[in-house]
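Please read the structure below before turning to the comments.
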Amino acid sequence: MKLTSNARFSTICLHAGQEPDPATGAITTPIYQTSTYVQEALGRHKGYEYARTQNPTREALERNIAAIEGGAEGFAFASGMAAIGAVATLLKSGDHVVVSDNTYGGTFRLFDKVLTRSQISFSYVDTADLAATERAFTPATRMLFVETPTNPIMRITDLAGAAALAKRRQARLVVDNTFASPCLQRPIAFGADIVVHSTTKYLNGHSDSIGGVAVAVRQDDREWLRFVQNAEGAILSPFDSWLVLRGTKTLPVRMAQHTANGMALARFLDAHPKVRHVYYPGLTGHPQHALAAKQMSGFGGMLAFELGSLEAARRVLDSVTLIALAESLGGVESLICHPATMTHASVPAERRQALGITDGLVRVSAGIEDIDDLKDDLAQALERA
Ligand SMILES: Cc1ncc(COP(=O)(O)O)c(C=O)c1O
């Protein structure tokens, strides 16, 4: 089970960071459910002292995701927000951050309601427009925080262009890669300094764990994130680490099916008379289809569609029977939600309007069910719209 230096992506997902358990040969990394480690003598131990600081199950996951993202080191946290919060500790009072305007509502809430209290300021711009993004920079800008594709409008930011801009302005490029997953997009290859994920989504993939990870490249960032992970203590538990580690083994096969179902649902909805607009980068009508095709190896399982009114959206959401009405995304089961009142409720109404997160917008996370069952469910729900 030794990985060669030219191992391909699926092989890396399955094996990176993991070796047979040294004590028993168990092929699966055990759940080291312990809080501490017995030392052989004063000052003599096996490299493990206390489980907030070191845990073999978490370390296996961190090595695995770092390899999958093509980064140098990974740090696993108790949630995606905890990972973003830890990355934000790279900032100091007086620093400024340029952020994708259509970022996840929880990220906006953290920045707008928590970090501004420490005199860190944020400018929200459409990072799909690199000229506008550059105009938002100030001499105090230390970070460009990009989400691509964005949630739920699926805007795409040019990763190579964003990396070049950040480098030119001596800021870090941080990319939230949750929506695409490293199977479809690897921002570090385009020059990103840090990638963050809510592992709750595609990396775990089975809707049974909350977690987050930050993958860093720069030595100074790695040292700081390791320090903060221990200092703040928002670590991923051994059991959750084990669940995500199991999830990443099947990431490529799951993503292939999510992508196939996402594309098929987007086409089905695009042709439906009750649907006014479909947001999916795989459709040739998407304004950034060519860019998405260039920097992603697939278009993924996330899409949103416009029904024109809250009433129509409500009727569809209340009528689906197979697709579950729930927040979150990226699990094997298909989910449907109403961003304006669910995932993006913390975004002020005027901002939601400006971003296109209307009351008639519905978001779908395409699972890996049989596509005809998903289409049948949406078809019968749309009849009531
Ligand atoms: C793009 C994105 N980033 C970050 C998060 C936050 O992750 P978590 O819910 O694991 O804290 C989410 C959650 O929905 C998300 O969609």
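Of note:
- Estimated FRET transfer efficiency when R0 is 25 angstrom, pair residue 220-residue 138 (beta carbons, to 0.05): 0.65
- Under Karplus coefficients 6.51, -1.76 and 1.60, residue-wise ³J(HN,Hα) of the range 215-227 in Hz, glycine/proline x: 10, 10, 10, 5, 4, 5, 5, 4, 5, 5, 5, 4, 5
- Protein accessible area in the chain, 1.4 Å probe - carbon and sulfur %: 54
- Computed from Cα positions, the angle between helix 238-249 and the longest principal axis of the chain comes to roughly 60 degrees.
- On the basis of the beta-carbon distance and an R0 of 30 Å, residue 117 and residue 327 show a calculated FRET efficiency of 0.70.
- Taking every protein chain into account, the accessible area of the range 45-106 amounts to 30 square angstrom per residue (probe 1.4 Å).
- Prolate/oblate/rounded call for the range 300-385, Cα gyration tensor, a/c under 1.5 rounded: oblate
- Solvent exposure of the range 208-248, expressed per residue, is 42 Å² of accessible area, with all protein chains present and a 1.4 angstrom probe.
- Nearest-ten-degree value, helix 159-168 long axis tilted from longest Cα axis of the chain: 60
- Amide H contacts under 5 Å for residue 325: 336, restricted to partners 5 or more places along the chain or on a different chain, H placed in the peptide plane at 1.01 Å from N.
- Nearest-ten-degree value, helix 371-383 long axis tilted from longest Cα axis of the chain: 40
- Per-residue SASA entry for residue 246, accessible area with 1.4 Å probe, Å² rounded to 10: 120
- Taking each of 2/375; 249/294; 249/375; 113/249; 92/294 in turn, the alpha-carbon distance tops 31 angstrom for 2/375; 113/249; 92/294.
The values are calculated or read from the model by the stated rules, or taken from the named source; none is laboratory data. A quick note: this is a predicted structure, and the numbers were derived from the prediction, not measured. Heads up, the Cβs are rebuilt from the backbone with ideal geometry, glycines too, and the neighbour counts pull from every protein chain shown. All accessible areas refer to the heavy atoms of the entire protein, side chains included, with ligands and DNA or RNA removed. Shrake-Rupley method; radii C 1.70, N 1.55, O 1.52, S 1.80 Å.
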